[in-house]
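The values are calculated or read from the model by the stated rules, or taken from the named source; none is laboratory data. Remember, predicted model here, so these are calculated numbers, not experimental data. Counting neighbours? That spans all protein chains shown, and the Cβs are built from the backbone with ideal geometry, glycine included. Surface areas here come from the heavy atoms of the whole protein model, side chains and all, with no ligands, DNA or RNA. Shrake-Rupley method; radii C 1.70, N 1.55, O 1.52, S 1.80 Å.
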Amino acid sequence: MNGNDPRRPWPHRSFVATRLPSLVVVAALFAGAIVASAAGRSASGHDYRGPSREEIVAYAQHPDLPVTYDRAAATGTLEAYDWGEHCDPTRRYNDTDRTLARLAIPSVYAPPCVPVWGGSKPWVSAGGRLFADNGGATAPGVSADEILVAFYLPAEQDIAKQLEHFGVFDGADATVEGVRALVEMSNSLYETYGRRVRVVPFQASGDGRSPSAARADAVRVVEMGAFASIGGPSQTSAYLLELARNGVLCIQCGYASTDDVLLNAAPYAWGYQATPDQLLYGTFGLGAGMVVGHTAQYAGDETMRGRTRRLGVVHYEQDPPVFGPLKKAAIERYAAQGATADVIIQYILDPNTLNAQAQAIIGRLKREGITSVVFMGDPLMPRLLMQQAEKQNYHPEWLFTGTALTDTSSVGRLYDRDQMAHTFGASSNPARTVPEISEQWRLYQWWYGTPPPHPKTVLAWGPIVQLLFLGIHLAGPNLSAATFAGGLFNYPPTGGTQVVGKSVLELFTGGYLLGDTTPAISFGPRQDGSVDFVAIDDFTISWWNPDAEGPDENGTLGHGLWTYSGMGMRLPLGEPNLPPELTEDFLFKEYLSQVGGPLYEMAKSLGLDDVRIAQTLLDATPPFDQVPEYQPWPGSPAATAAKGNT
């Protein structure tokens, strides 16, 4: 195919340089799709049932939580606390004109300043309690000087292991080494109240699917005396529920758990990526307005392009099924909005039958006249589906939803090139940048003075380690599951940009179309009455460019890369609405001149002759993602090395 091929709505891309994005497995929805995730629920009597919503929300008012700098400033009590030497009260808060006092570290997500432990003034909590010591063993896995955390290593049979074989993740030894380096850095940056986090690798024995094996592994983690587990089995939530039953936290356990699972496991289960529920209902509004009811103009089959889209949803399911309630609720919600999926097909992740399932699925989609296939599942199935589509001469649109790293270029290149030329979708991962300016790489090099030796691990697990330390930092000395939750609930929403409600002119002139590489994160009660236990609150839209040349996330040169619409502009899950001028054509072109019309004429009148509106790789830090340039803290490896060179 060439850049003028009418089957492909995007032009030819030249060489770009990139390597690694932030990789964490997600579940998402685009258009009228039904989300299924890889996190199941134990069907046995071992399920843990957490406290009521009212009790959970009240954690944010726990009297032992720390006072923040901004709260003390508002109450006129700044002088009563020792804020240490590393608090910057002048940091701009997101894209507002306000400031928010944060630790002086080069991270968008730097935590709010709290009184330093062991400072020159007594440490008093937000509730007025004076702490002479940290309380010692305040929770399982916690002592006066240590917090023990297990790092879950999947067994060979777990589907998560295949991501290592794909080259997306480092091997086990490199991953453990990289995570330990992140933890060692974080121990020195965050307030841990006299304790240090110690990471112990945990080699799982389960296959990632068996609830009984997952529970057995969880019991072993409990017997280790852990405060928390980072990671868990990919296809069952029995592990996190068993840990919750025993009072142990589970952070990013499995691919994606539903809101219901996380609420039942509260306050012990936490994640980084948006839940299936959030993405299902959040992106529905955008998909319903821009995809449902429109023609399938990006299909590979020319005869489909003039037809109104018929959606076929292909999603992962467990045996026995576990996603029935969410599926039923989604169907009812779509029907109420006048949007439905024409065909919904589930498959079981059984390597022995996947190829036969793919053959049958494609046969049915073709017979039903489906123009647009929405996929939500593992990274293997799209390869088999597209192979079968080629064999059966079936060329629809493909709508990917970011599940299981299907939104990464390294995995996308495993799929059929011609079929991928007609693929687009949504992802809660940020737009890619050159690694040196990415959030996690930048922080690592600032502290250690050298690039990370295991960049895949740093970029994949850095946000998860950060989540752990944010909770510890904001929990105060009386560390427990309740204060950890209260601390995260009080973390100010960070990283987001307010694009909803702005006109196209405001988006252009305000810098909102110059790139966005930092997802919005927050925790706690939501307006719809639910409680948010995961970080990311927004998503971006991307499309596959088969002609783009450059390195994938592993540094491998080749053809085919994801391209980010609006330069990675992110839309809030709760209100994913765009100005009417930002049409489907705008989202799938690289330059505004290719869109034309009133929007292009308006840009020209402002002196913006040919604005780039989509990018495969961002090679500069976008304005809203920039942070102050701080000197490395004294005692850091970077500062020590610099001192030795003077």
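Per-residue answers, yes or no, for (1) within 23 Å of ASP538 (Cβ to Cβ); (2) touching a Phe, Trp or Tyr at 6+ places or on another chain (Cβ under 8 Å); (3) of a type in the set (Lys, Arg):
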| position | (1), (2), (3) |
| --- | --- |
| GLU553 | yes, no, no |
| HIS559 | no, no, no |
| PRO572 | yes, no, no |
| GLU584 | yes, no, no |
| SER593 | no, yes, no |
| GLY596 | no, no, no |
| LEU617 | yes, no, no |
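Hey, can you tell me all the residues within the stretch 405-435 that are farther than 27 Å from ASP301 by Cβ and in contact with a Pro (Cβ under 7 Å, 6 or more places away or on another chain)? Full working, then the answer.
Kept after step one, since they are farther than 27 Å from ASP301 by Cβ, are these residues of the stretch 405-435: 405, 410, 428-435.
Result: LEU405, SER428, ASN429, PRO430, ARG432, PRO435.
Going through the stretch 116-138 one residue at a time, which ones are assigned to a loop (DSSP other than H, G, I, E, B) and open to solvent by less than 20 Å² (accessible area, probe 1.4 Å)?
Residues of the stretch 116-138 assigned to a loop (DSSP other than H, G, I, E, B): 116-122, 125-129, 132-138.
Of everything in the stretch 116-138, those that are assigned to a loop (DSSP other than H, G, I, E, B) and open to solvent by less than 20 Å² (accessible area, probe 1.4 Å) turn out to be SER125, ASN134, GLY136.
In the stretch 581-591, which residue that is assigned to a loop (DSSP other than H, G, I, E, B) and open to solvent by 10 Å² or more (accessible area, probe 1.4 Å) is farthest from VAL504 (Cα to Cα)?
From the stretch 581-591, those assigned to a loop (DSSP other than H, G, I, E, B) are 581-583, 588-590; that's our starting set.
Those still in the list that are open to solvent by 10 Å² or more (accessible area, probe 1.4 Å) too: 581, 583, 589.
Values: GLU581: 7, THR583: 11, LYS589: 16 Å.
Only one residue fits best here, namely LYS589.
For TYR81, are the conditions met, namely being within 25 Å of the chain's Cα centre (by Cα), of a type in the set (Ser, Thr, Tyr), under 29 Å from ALA481 (Cβ atoms) and surrounded by 13 or more Cβ atoms within 10 Å (Cβ to Cβ)?
On the way: within 25 Å of the chain's Cα centre (by Cα): no; of a type in the set (Ser, Thr, Tyr): yes; under 29 Å from ALA481 (Cβ atoms): yes; surrounded by 13 or more Cβ atoms within 10 Å (Cβ to Cβ): yes.
In short, no.
Can you find a residue that is more than 21 Å from the chain's Cα centre (by Cα) and either on the phi > 0 side of the Ramachandran plot or of a type in the set (Ser, Thr, Tyr) (or both) anywhere in the stretch 453-470?
No: the stretch 453-470 contains no residue that is more than 21 Å from the chain's Cα centre (by Cα) and either on the phi > 0 side of the Ramachandran plot or of a type in the set (Ser, Thr, Tyr) (or both).
May I ask you to list the residues in the stretch 494-509 that are open to solvent by 60 Å² or more (accessible area, probe 1.4 Å) and not in a loop (DSSP other than H, G, I, E, B)?
Of all residues in the stretch 494-509, those open to solvent by 60 Å² or more (accessible area, probe 1.4 Å) come to 498, 501, 505-506, 509.
Scanning the stretch 494-509 gives LEU505, GLU506, THR509.
Which residue pairs have Cβ atoms closer than 7 Å, lie 6 or more positions apart in sequence or on different chains, and pair a first residue in the stretch 42-63 that is in a helix (DSSP H, G or I) with a second residue that is modelled with pLDDT under 95 and open to solvent by 40 Å² or more (accessible area, probe 1.4 Å)?
Close Cβ pairs (under 7 Å, with a partner that is modelled with pLDDT under 95 and open to solvent by 40 Å² or more (accessible area, probe 1.4 Å)) amount to VAL57/PRO525.
Any idea how many residues of the stretch 510-535 are in a loop (DSSP other than H, G, I, E, B) and farther than 18 Å from SER427 by Cα? Full working, then the answer.
Restricting attention to the stretch 510-535, the residues satisfying the condition of being in a loop (DSSP other than H, G, I, E, B) are 510-520, 522-523, 526-530, 533, 535.
Okay, now just the ones that are also farther than 18 Å from SER427 by Cα, so 510-512, 514, 523, 526-530, 533.
Selection size over the stretch 510-535: 11.
Among GLN594, GLN615, GLN631, which is open to solvent by 40 Å² or more (accessible area, probe 1.4 Å), closer than 22 Å to LEU561 by Cα and of a type in the set (S, T, N, Q)? I'd like the intermediate steps shown before the answer.
On the way: GLN615 fails: open to solvent by 40 Å² or more (accessible area, probe 1.4 Å); GLN631 fails: closer than 22 Å to LEU561 by Cα.
Checking each option against the conditions leaves just GLN594.
Only one residue in LEU405, LEU414, LEU399, LEU443 is at positive phi and touching a residue at least 24 places away in the same chain (Cβ under 8 Å). Which one?
Values: LEU414 fails: at positive phi; LEU399 fails: at positive phi; LEU443 fails: at positive phi.
Among LEU405, LEU414, LEU399, LEU443, only LEU405 is at positive phi and touching a residue at least 24 places away in the same chain (Cβ under 8 Å).
For the stretch 219-247, which positions are under 27 Å from ASP350 (Cβ atoms) and aromatic (Phe, Trp, Tyr)?
Across the stretch 219-247, the qualifying residue is only TYR239.
Name, by its number, the condition in (1) at pLDDT below 95; (2) open to solvent by 50 Å² or more (accessible area, probe 1.4 Å); (3) of a type in the set (D, E, K, R) that does not hold for ARG71.
The one condition ARG71 does not meet is (1).
Given the options ALA535, ALA482, name the one that is in contact (Cβ under 8 Å) with a residue 60 or more places away in the chain, open to solvent by 20 Å² or more (accessible area, probe 1.4 Å), within 30 Å of GLU146 (Cβ to Cβ) and among the aliphatic types (A, V, I, L, M). Don't jump to the end; show me each part of the working.
Values: ALA535 fails: open to solvent by 20 Å² or more (accessible area, probe 1.4 Å).
Of the residues listed, the single one that is in contact (Cβ under 8 Å) with a residue 60 or more places away in the chain, open to solvent by 20 Å² or more (accessible area, probe 1.4 Å), within 30 Å of GLU146 (Cβ to Cβ) and among the aliphatic types (A, V, I, L, M) is ALA482.
For the condition open to solvent by less than 20 Å² (accessible area, probe 1.4 Å), among the β-branched types (Val, Ile, Thr) and within 30 Å of LEU608 (Cα to Cα), what is the one hit in ILE521, ILE464, ILE472, ILE541?
Numbers: ILE521 fails: within 30 Å of LEU608 (Cα to Cα); ILE464 fails: within 30 Å of LEU608 (Cα to Cα); ILE472 fails: within 30 Å of LEU608 (Cα to Cα).
Testing whether each residue is open to solvent by less than 20 Å² (accessible area, probe 1.4 Å), among the β-branched types (Val, Ile, Thr) and within 30 Å of LEU608 (Cα to Cα) leaves just ILE541.
Go through LEU578, LEU561, LEU599 for me and flag whichever is assigned to a loop (DSSP other than H, G, I, E, B) and in contact (Cβ under 8 Å) with a residue 40 or more places away in the chain. Even if it seems obvious, please write down each step before you answer.
Values: LEU561 fails: assigned to a loop (DSSP other than H, G, I, E, B); LEU599 fails: assigned to a loop (DSSP other than H, G, I, E, B).
Result: LEU578 is the single residue among LEU578, LEU561, LEU599 that is assigned to a loop (DSSP other than H, G, I, E, B) and in contact (Cβ under 8 Å) with a residue 40 or more places away in the chain.
Take TYR491 and decide whether it is within 30 Å of ASP145 (Cβ to Cβ), among the aromatic types (Phe, Trp, Tyr) and open to solvent by 30 Å² or more (accessible area, probe 1.4 Å). Before the answer, list the steps.
Numbers: within 30 Å of ASP145 (Cβ to Cβ): yes; among the aromatic types (Phe, Trp, Tyr): yes; open to solvent by 30 Å² or more (accessible area, probe 1.4 Å): no.
Judged against the criteria, TYR491 is not a match.
Within the stretch 544-580, count every residue that is hydroxyl-bearing (Ser, Thr, Tyr) and open to solvent by 10 Å² or more (accessible area, probe 1.4 Å). Before you say what the answer is, go through the steps one by one.
Applying the first criterion (hydroxyl-bearing (Ser, Thr, Tyr)) to the stretch 544-580 yields 556, 563-565.
With the extra rule that they be open to solvent by 10 Å² or more (accessible area, probe 1.4 Å), the set shrinks to 556, 564.
Number satisfying all stated conditions: 2.
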